[in-house]
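All of the numbers you see were taken from the coordinates with simple rules; none came from a lab. As the structure is a computational prediction, the values presented were derived from the model and not from experiment.
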């Protein structure tokens, strides 16, 4: 968390794909890479690197956390269609949650706090914007064009994994 923030981003509830509610804390004391997903975007091939990160670091206390968003009109499907696409096209094993808005008055509370807590604040600029949430609640933000396996992201993940 930044000093100006009083809300722990890890405690903010959000909808699961099956209509339940959870938090990042409920998912464990991990390093999370939170990403707004879209299946009809030029950056959609980043699913491959996201899944590679999940496989490489999951056993060490890391998880990608995906939130489909049609905010940029590139994720029109239902949650069920999105989950099917993720599994069959990209072999996604990381959790994908319910669709969210990432900007504006109706933005999901988690995304409002991610944007306020990150080292760089402001609107989510496009699909596949990345937020690394550390176990202490600190949030690091990376541009949509920064690939998930970029050394700048991997170094933050590796430096903050347990033991």
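Here are the numbers:
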| read-out | value |
| --- | --- |
| Potential lengthening between residue 81 and residue 146 on full extension [0.36 nm per residue; Cα-Cα distance subtracted] | 20.8 nm |
| Counting DSSP beta bridges with both ends in the stretch 9-160, the antiparallel % (nearest 5) | 55 percent |
| Residue-averaged [θ]222 nm for the chain, counting only DSSP H segments that reach four residues, each worth -39500 (n - 2.57) | -8000 deg cm²/dmol |
